[in-house]
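I have placed the structure first, in the form of structure tokens, so that the comments after it can refer back to it.
The values are calculated or read from the model by the stated rules, or taken from the named source; none is laboratory data. All figures in this text were calculated on a predicted structure; none of them were measured in a lab. Cβ sites come from the backbone with ideal geometry, for glycine too, and all protein chains shown count toward neighbours.
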Amino acid sequence: MIKPGAHNLITDVDGITVGHATDETSRSGVTSVLCATGFCAGVDVRGGGPGTRETDALAPENLIGRAHAIVLAGGSVFGLAAADGVACALSVQGTGIRLRDPSIAIPIVPCAVLHDLGNDGNKSWGMDTPYRRLGIESVGHAATQFALGSVGAGRGAMAGLIKGGIGSSSIDLGKHIVVGALAAVNCVGSVLMPDRKTYWSWPFEIGAEFGGRGAPAGHASVVDPVPDQSRLSELGRLQAGANTTLAVVACNVDLSPAECRRIAIMAQDGIARAIRPVHTPFDGDTVFAVASAARPLDSATPRAAQIARIGSAAADCLARAIARGVHHAI
């Protein structure tokens, strides 16, 4: 029987911890996914208005292809400073690559940001944004159990016209293979069906992890192109880069950077299952994939078939994580 991992969080993949840092004054924050020893990683960007750092370091044709942390932050372009804080905090701990011995540890810290500058938090920070500090704090708060909803990078997030937030989920595929996902949901599209109470993700729910509402009455099939377009425009959200779903998917198997990228590509379908519309010109949808290499793939099964199974599970996990993020938002 399909079941979540022990905590139903991305941290069910051993070696991952997650830390939030939230700034109530600005109503924004940072969420860092720490990968203990530097995991193999890949990324796929689909949104029309992304804000990212060090994604090229994960390209399979380039040298590194690994990450010591993935940082998700509010603050639009200002939030990219969070990765500086995380990189410094990890380096002080001795985490990172070393080009020679002895030398300073150099952490690889890709980052993606969402736009929450339109909420009513105080953004009058002048030359001193809070994001570098929040990045450092997020490392200090990293743990295997963490809050969902309006925390960290999800503090000021919106999902269409309702609150967005941080969500996470996991799945145990058996034979000690675990897949997990974490999402920061700040989309222009809607996570709810036209009845305004049923999640698009409902077919993928396990137990009552996001309310247990089940199928919509009459299986309503009408799709809203954009939820209350005039209201979104009034709020200034129908602008390039003003919305984004950011995600990290993870597994505990031994993958290459190219295979991680394939997992990230497949996981984007989880966003499409949970939000409508997605990957619009107004969103910066970005999915990172990381793999711990704790478990080898089965030598008796075609490798591509196993990658396909993990990618499919990652998409399902991400659809569930998105709904959980909104369900827990307050």
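With the requirement that a residue be in contact (Cβ under 8 Å) with a residue 40 or more places away in the chain, surrounded by fewer than 11 Cβ atoms within 10 Å (Cβ to Cβ) and under 28 Å from Ala274 (Cα atoms), what does segment 296-315 give you?
Correct list: empty.
Limited to segment 161-173, what total is found for residues that are in a loop (DSSP other than H, G, I, E, B) and buried (at least 24 other Cβ atoms within 10 Å of the Cβ)? Write out each step before concluding.
As a first pass, look at segment 161-173 and keep what is in a loop (DSSP other than H, G, I, E, B): 161, 164.
Restricting the remaining residues to those that are buried (at least 24 other Cβ atoms within 10 Å of the Cβ) gives 164.
Count: 1.
Are there any pairs, at least 6 apart or on different chains, whose C-beta atoms fall under 8 Å, with the first in segment 52-76 and surrounded by fewer than 19 Cβ atoms within 10 Å (Cβ to Cβ) and the second of a type in the set (Ser, Thr, Tyr), and if so, which?
Close Cβ pairs satisfying both conditions: Thr52/Thr286; Thr55/Thr286; Pro60/Ser256.
Can you say whether Gly47 is of a type outside the set (Asp, Glu) and out of contact with any helix residue (DSSP H, G or I) (no Cβ under 8 Å at 6 or more places or on another chain), as far as the supplied structure shows?
Answer is yes for this residue.
Within segment 202-221, does at least one residue satisfy the condition of being of a type in the set (A, V, I, L, M), in contact with a Leu (Cβ under 8 Å, 6 or more places away or on another chain) and modelled with pLDDT under 95?
Checking segment 202-221: not a single residue is of a type in the set (A, V, I, L, M), in contact with a Leu (Cβ under 8 Å, 6 or more places away or on another chain) and modelled with pLDDT under 95.
Of the residues that sit in segment 316-330 and are part of a loop (DSSP other than H, G, I, E, B) and modelled with pLDDT of 95 or more, which one is surrounded by the most Cβ atoms within 10 Å (Cβ to Cβ)?
Among those that are part of a loop (DSSP other than H, G, I, E, B) and modelled with pLDDT of 95 or more, it is Ala329.
Let me confirm something: among Gly47, Gly5, which residue is surrounded by fewer than 24 Cβ atoms within 10 Å (Cβ to Cβ), over 20 Å from Ile136 (Cα atoms) and not polar (S, T, N, Q)?
Gly5
So, in segment 271-295, exactly how many residues are surrounded by 24 or more Cβ atoms within 10 Å (Cβ to Cβ), charged (D, E, K, R) and part of a helix (DSSP H, G or I)?
Going through segment 271-295 one residue at a time, the tally reaches 0.
Take the residues of segment 287-309 that are in contact with a helix residue (DSSP H, G or I) (Cβ under 6 Å, 6 or more places away or on another chain) and modelled with pLDDT of 95 or more: which is farthest from Val178 (Cα to Cα)?
Among residues in segment 287-309 that are in contact with a helix residue (DSSP H, G or I) (Cβ under 6 Å, 6 or more places away or on another chain) and modelled with pLDDT of 95 or more, the one farthest from Val178 (Cα to Cα) is Val287.
Would segment 90-109 turn up any residue that is under 16 Å from Ala291 (Cα atoms) and part of a strand (DSSP E or B)?
no
Between a residue in segment 271-291 that is of a type in the set (S, T, N, Q) and any residue that is buried (at least 24 other Cβ atoms within 10 Å of the Cβ) and not in a loop (DSSP other than H, G, I, E, B), which pairs come within a Cβ distance under 6 Å, given they are 6 or more apart or on different chains?
Correct list of pairs: Thr286/Ala112; Thr286/Leu246.
Give me a count of the residues in segment 23-41 that are among the polar types (S, T, N, Q), crowded, with 24+ Cβ neighbours inside 10 Å and either touching a strand residue (DSSP E or B) at 6+ places or on another chain (Cβ under 9 Å) or part of a strand (DSSP E or B) (or both).
3
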